[in-house]
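Everything below concerns the one structure shown next.
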Amino acid sequence: MSEDPAETAVEAREKDRTVALVIAILALLLALSEAGAKRAQHLSTESNIEASDLFNFYQAKRIRSTVVETASDLLDAQRAAVSDPKAQEAFDKQIQAFKTTVERFEHDPKKPDDSMDAIQERAQRAIEERELANHRLERYELGSGLTQIAIVLASAAIITDIGALIWLSVGLGGIGAILMALGFFAPTALNLLG
């Protein structure tokens, strides 16, 4: 015997509501994943700029230090050709001033953060922050892609009335949610992904 059309309509309506709820949850996950991806992308760019600036600062200090060292070496070579003690004393004084300047480039007592080693350490930290942000971004983007596919499959389940599509959609959405959680809590987990 055939089912009552009213019952069939109620069942179809309930199924459509369930699928709509799944789509809404997937859309929420997608929005969160996209927001996380934007933030990670911003942090990656910001850290990359910081690292670049710091390496440029280091290079500039290294070049200035090399120029001063070269001038000191040149004066030292010229000093040997001078026999006047006062002139040699002037050479010695200038050579010492150059050496003090080079030492200040290496280890600045007034600005310890601007010492050569400190600049390199800060640049390295910025690179590590960039890499962490890139790992987060990868997880969020993969999660977003899977969630978008899940939304399409859930929408197709309504149109085609194929129940397996909704289950596949839920499964892909769950994997997307896991990837999003990894992006937030453990971005370096599953490094085999990229």
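Calculate one ³J(HN,Hα) per residue across segment 33-44 by plugging θ = phi - 60° into the Karplus curve 6.51 cos²θ - 1.76 cosθ + 1.60, and present them in order as whole Hz with x for glycine and proline.
Using θ = phi - 60°, the values come out as 5, 5, 5, x, 5, 4, 5, 5, 5, 4, 5, 4 Hz.
Under 18 Å between alpha carbons, and skipping anything fewer than 8 positions from Lys15 in its own chain: which aspartates and glutamates qualify?
Lys15 reaches Glu3, Asp4, Glu7, Asp161.
Using a basic spin-label model with each label point 7 Å from the Cα along Cα→Cβ, how many nm lie between Ala24 and Ile63?
Rounded to a tenth, the inter-label distance reads 6.1 nm.
How about Lys93: which lysines have a C-alpha closer than 27 Å to its C-alpha, ignoring those fewer than 8 places off in the same chain?
Lys61, Lys110, Lys111
Only four residue types carry charge here, +1 at the Cβ of Lys and Arg and -1 at the Cβ of Asp and Glu. Report the dipole size of the chain about the Cα centre in Debye, rounded to the nearest 20.
On the way: 20 positive and 29 negative charges, 121 e Å.
Using only the charged Cβ atoms, the result is roughly 580 debye.
As a test of the formula, what do you get for the chain when each DSSP H run with n ≥ 4 contributes -39,500 (n - 2.57) and the sum is divided by the residue count, at 222 nm and rounded to the nearest 500 deg cm²/dmol?
-31500 deg cm²/dmol
So how far apart, in nm, are the two label points at His42 and Gln94 if each is 7 Å from Cα heading toward Cβ?
In this crude spin-label approximation the distance works out to 5.4 nm.
Starting from a Cα-only point model with no solvent, please compute log10 I(q)/I(0) by Debye for segment 31-193 at q = 0.13, 0.21 1/Å.
Here log10 of I(q) over I(0) equals -0.76, -1.15.
Going Cα to Cα from Lys86, which aspartates and glutamates come in below 20 Å? Please leave out same-chain ones fewer than 8 positions away.
Here the aspartates and glutamates satisfying the reach criterion relative to Lys86 are Asp73, Asp76.
Among 173-184, 115-126, how do they line up by average Cβ neighbours within 10 Å per residue, starting with the highest?
173-184, 115-126
For the chain, take the longest principal axis of its alpha carbons; what is the angle in degrees between that and the long axis of helix 85-106, to the nearest 10 within 0 to 90?
10
No value in this document is a laboratory result; all are computed from the given coordinates. Please read these numbers as outputs of a predicted model, since none were measured by experiment. Neighbour counts are summed over all protein chains in view; Cβ atoms, including those assigned to glycine, are modelled from backbone coordinates with ideal geometry.
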